[in-house]
Every structure is written in C-alpha cells, then in structure tokens.
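The structure appears below as structure tokens.
Where a number appears in this text, it was derived from the coordinates with a stated rule and is not lab data. Predicted model only: the values in this text are computed from it and were never measured. When we count neighbours, we look across all protein chains shown, and the Cβ atoms used for this are built from the backbone with ideal geometry, even at glycine.
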Amino acid sequence: TDLDAFIKGLPKAELHLHIEGSLEPELMFELARRNGVAIPYASVEDVRAAYDFSNLQDFLDIYYAGASVLVTRADFHDLAMAYFRRAAADGVVHAEIMFDPQTHTDRGIAFEEVIEGLLSAAEEARETLGMSVQLILSFLRHLSEEEAFATLAMAEPWLDRITAAGLDSSEVGHPPVKFAGVFAAAREKGLKITVHAGEEGPPEYVYQALDLLEVDRIDHGNRALEDAALTQRLAEMGMTLTVCPLSNLKLCVIDDIASHPIDAMLKAGLKATLNADDPAYFGGYIADNYRAVVEGRGLTRADLATLARNSFTGSFLPPDAVARHL
Ligand code: ADE
Ligand code: ZN
C-alpha cells in the first residue's frame with residue numbers, strides 16, 4: 001500500500017533489536033539440523049504456535065531455549081545477515097544490535113565465536129547493503145553483577161568494535177542499582193550505556209538508570225509516564241526512548257495497540273523511537289511497528305518522520321554521521 005511504501009521509504013535507524021530475537025523458526029530448524037541440537041518442536045508451525053506469551057518471563061524462557069541452536073560463528077553470522085537483509089528491506093540504514101553473550105558462554109560457546117560471527121556479518125552488511133552497524137553488549141540482569149564483570153572482561157579484546165553496554169532479561173526484582181559497578185566500569189572503558197527500564201519495572205528503575213547508571217538511552221521506558229516529574233525530566237534532557245509497540249502488545253505490557261502510549265510520549269516531548277525488539281517472536285519487523293501505531297493510534301506521516309528522525313539523533317553514531325542522515 002501507499003502507507004507501506006511511505007514507511008519503507010523513510011530512512012530509519014533501528015536502536016532496540018536483540019539479535020537472538022531475530023531467529024526465525026525456519027532458521028532455528030536449519031541450525032538445529034546443522035548442529036545436531038534437539039528442539040522441542042515438530043514443525044515451524046509448532047514453533048509459531050508456542051509464541052503466545054502472557055508476560056516478559058514467559059517469552060524469555062522460550063527465547064533462551066531457542067538460542068540453543070546457535071553454536072558456531074557461522075551460525076551467528078547467518079543469524080545476523082538474515083536480520084540485516086530483512087531490516088534493509090524495511091528501510092533501515094543503520095542498526096545498533098544487542099547481543100547477550102551470557103546466553104551463549106553459559107552453555108560453553110566461546111565469546112569469540114559469538115562476536116566474530118556478528119562482526120563478519122556487520123562487515124558484509126556494510127559492503128552489500130550499505131548499512132552501518134554497531135554492537136551493544138548486553139548483560140543479563142537475572143544473573144549477578146560479578147558475572148556481568150566477567151563478561152565485560154571476556155569482551156576486552158573487542159572493545160574497540162563494541163559501541164555500548166546494555167541490560168536486559170527479567171526486569172522486576174533486578175533493578176539497575178544491582179549493576180551500578182559494572183556500568184561504571186563499562187563507561188570507563190569508553191562504552192555508551194543503554195538499559196531496559198520501565199518495560200515491566202516501575203518508574204523507580206528509570207530513576208536509577210538515570211541517576212546511578214547515567215545512561216545514554218532508555219530501552220522501552222513506558223512506565224516512566226506514570227510519573228509526571230520523571231516524564232518532564234526525560235523530555236527536558238532529551239533522553240531517547242527505544243519504544244517497541246508490537247513487543248509491548250505480545251508481552252502484555254498493553255492490552256491492545258489502541259492503548260499504546262506512543263502518541264502520549266510524543267505529546268510529552270519525549271524523544272521516542274520505534275523498534276522491533278525481538279521480531280521473530282513478536283510477529284513484526286520495524287516497518288510493522290511503524291504501521292501498527294498508524295492503525296492503532298492514528299499517528300500521521302509527520303509523526304512517523306519525527307520518529308525516524310529521533311532514531312538518528314538518538315543513535316550512537318558520531319554527530320557528522322547523524323547530520324548526514326537528517
Ligand atoms: N531480552 C530480549 N528481549 C527483551 C525485552 N523486551 N525485555 C527484556 N529482555 C529482553
Ligand atoms: Zn528489548
């Protein structure tokens with residue numbers, strides 16, 4: 001349709017994308033066969049039928065199990081290239097992708113296999129798709145800060161090729177303060193910081209992300225809207241929120257797209273962006289998220305252009321590169 005063409009034609013940056021969450025069932029089966037890994041599904045349809053979540057943890061259990069088919073650097077390369085091709089088709093010209101090393105190193109996969117596969121795909125995406133790519137190393141918040149420090153140490157030889165440190169997985173019960181030390185260390189090493197906050201967790205976790213971790217970006221941030229002073233502060237400081245409408249729907253953060261707060265965020269002056277989060281699990285890539293807020297909340301083309309613009313100003317690209325995209 002005309003709207004689809006408009007959305008795909010808008011140059012966009014994707015800032016909130018878990019590469020393990022882009023593992024489509026077809027590739028999951030192919031990698032399971034390639035690596036001789038057993039998966040608890042009989043068919044691709046069977047996998048898709050299992051993707052019916054009632055909260056974040058429900059999803060995470062299935063997402064971590066799915067990642068078990070990723071073994072060699074070729075697997076990580078193929079996974080990432082499949083995402084880059086799909087994102088390019090949606091008009092993504094710059095992608096900042098998160099990866100969860102602990103999901104792999106904890107089952108005996110070397111950090112080197114994970115990162116070298118992702119880096120070679122990033123290089124191929126630059127050459128063949130003209131897409132720029134940055135990597136965000138994310139710590140799993142259900143694990144300890146000590147384990148996050150060990151992961152940061154493993155990444156040391158590659159830190160010049162990693163842009164930022166992130167924080168994901170089970171939010172409630174694992175507040176940002178638990179990781180204050182490791183994010184201070186990450187910042188010392190020159191990494192930017194972006195953490196999931198206010199997806200299921202309370203506004204207090206967003207305050208902690210700002211005050212204790214000194215984040216450069218907030219992933220999700222929906223629940224910040226419950227606190228007017230916090231909302232105003234985020235707006236005044238120009239903090240970018242990486243919002244994921246279809247994820248919010250699938251994880252029951254909202255009841256339906258018609259109750260998504262994206263337009264409230266824009267009205268409050270927040271620098272919101274639209275992103276896919278885990279597209280293989282949530283039934284849509286970035287363009288589907290743009291379309292969802294038009295259909296669900298009546299956003300205009302001017303609003304979509306603002307959201308796309310925010311994706312570049314909120315990116316970790318250097319200022320001259322941001323300027324070239326505006
Ligand atoms: N890991 C992958 N996707 C996530 C999300 N939406 N929230 C927290 N952890 C995640
Ligand atoms: Zn996420």
Give the Rg (one decimal place) followed by the Dmax (whole number) of segment 71-198, computed from C-alpha coordinates and expressed in Å.
14.6, 43
Under the Karplus relation 6.51 cos²θ - 1.76 cosθ + 1.60, θ = phi - 60°, what is the ordered set of whole-Hz ³J(HN,Hα) values for segment 261-275, x standing for Gly and Pro?
x, 4, 6, 5, 4, 5, 5, 6, x, 7, 7, 7, 10, 10, 8
Using all alpha carbons of segment 43-123, what is the percent of pairwise distances in each 10 Å bin, ordered from the shortest bin to the longest?
16, 40, 38, 6
Binned at 10 Å from 0, what are the whole-percent values of the Cα-Cα distance distribution for segment 1-152, short to long?
10, 37, 36, 15, 2, 0
Which cross-chain or sequence-distant (5 or more) residues have an amide H under 5 Å from the amide H of Ala95, H modelled 1.01 Å from N in plane?
Glu14, Ser132, Val133, Gln134
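Extension gain Leu3-Glu188, at 0.36 nm per residue separation less the Cα-Cα distance, in nm?
Length difference between fully extended and current span is 62.2 nm.
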Compute the semi-axes of the equivalent ellipsoid of the chain, taking the square root of 5 times each eigenvalue of the Cα gyration tensor, and list them largest first in whole Å.
27, 23, 20
Size of charge dipole - the chain - debye, nearest 20, with Cβ of Lys, Arg +1 and Asp, Glu -1, no other charges
840
Estimated dipole of segment 1-71 in Debye, rounded to 20 [Cβ of Lys and Arg +1, of Asp and Glu -1, Cα centre]:
260
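For segment 260-326, take N as its residue count and report Rg(C-alpha) divided by 2.2 N^0.38 Å. Don't skip to the end; give the middle numbers.
Working: Rg = 12.6 Å, N = 67, 2.2 N^0.38 = 10.9 Å.
Here the answer is 1.16, to two decimals.
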Per residue of segment 189-201, in order, report the coupling 6.51 cos²θ - 1.76 cosθ + 1.60 (Karplus, θ = phi - 60°) as ³J(HN,Hα) in whole Hz, putting x for Gly and Pro.
7, x, 7, 6, 10, 9, 10, 5, 8, x, 7, 10, x
Globularity index of segment 217-281, i.e. its alpha-carbon radius of gyration over 2.2 N^0.38 Å
1.07
Checked against the positive end of the charge dipole of segment 2-325 (+1 on Cβ of Lys and Arg, -1 on Cβ of Asp and Glu, about the Cα centre), the farthest of Gln208, Pro318, Ala80 is Pro318
When only Cα pairs under 8 Å and 6 or more residues apart are kept, what is the percent relative contact order across the chain?
20
Amide H neighbours of Ile193 at under 5 Å, excluding residues fewer than 5 places away on the same chain, with H built from the backbone geometry, are Ala165, Asp216, Arg217
Residue by residue through segment 47-56, the couplings from Karplus 6.51 cos²θ - 1.76 cosθ + 1.60 with θ = phi - 60°, in Hz, x for Gly and Pro, are 5, 4, 5, 6, 7, 10, 9, 10, 6, 4
Modelled label reach - Asp106, point 7 Å along Cα→Cβ, segment 166-183 residues with backbone N closer than 12 Å:
168-170
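For Thr306 and Ala74, compute 0.36 nm times the residue count separating them, minus their Cα-Cα distance, and round to one decimal in nm.
Length gained, Thr306 through Ala74: 79.8 nm.
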Considering amide H positions built from the backbone, and no H for Pro or chain starts, which residues 5 or more places from Ser170, or on another chain, come under 5 Å of its amide H?
Arg141, His142
In whole percent, the Cα-Cα distances of segment 131-253 spread across 5 Å bins from 0 upward as 2, 12, 22, 23, 19, 14, 7, 2, 0
Residue-averaged 222 nm ellipticity for the chain, from DSSP H runs of 4+ at -39500 (n - 2.57), nearest 500:
-14500 deg cm²/dmol
Check: segment 217-326 dipole with +1 on Lys, Arg Cβ and -1 on Asp, Glu Cβ, in debye
320
Going through the cross-link list Lys192/Lys271; Lys178/Lys267; Lys12/Lys271; Lys12/Lys267; Lys12/Lys250, which pairs have a Cα-Cα distance over 25 Å in this structure?
Lys178/Lys267
Expressed in nm to one decimal, what extension gain is obtained for the pair Gln57 and Phe29 from 0.36 nm per residue of sequence separation less their Cα-Cα distance?
7.8 nm
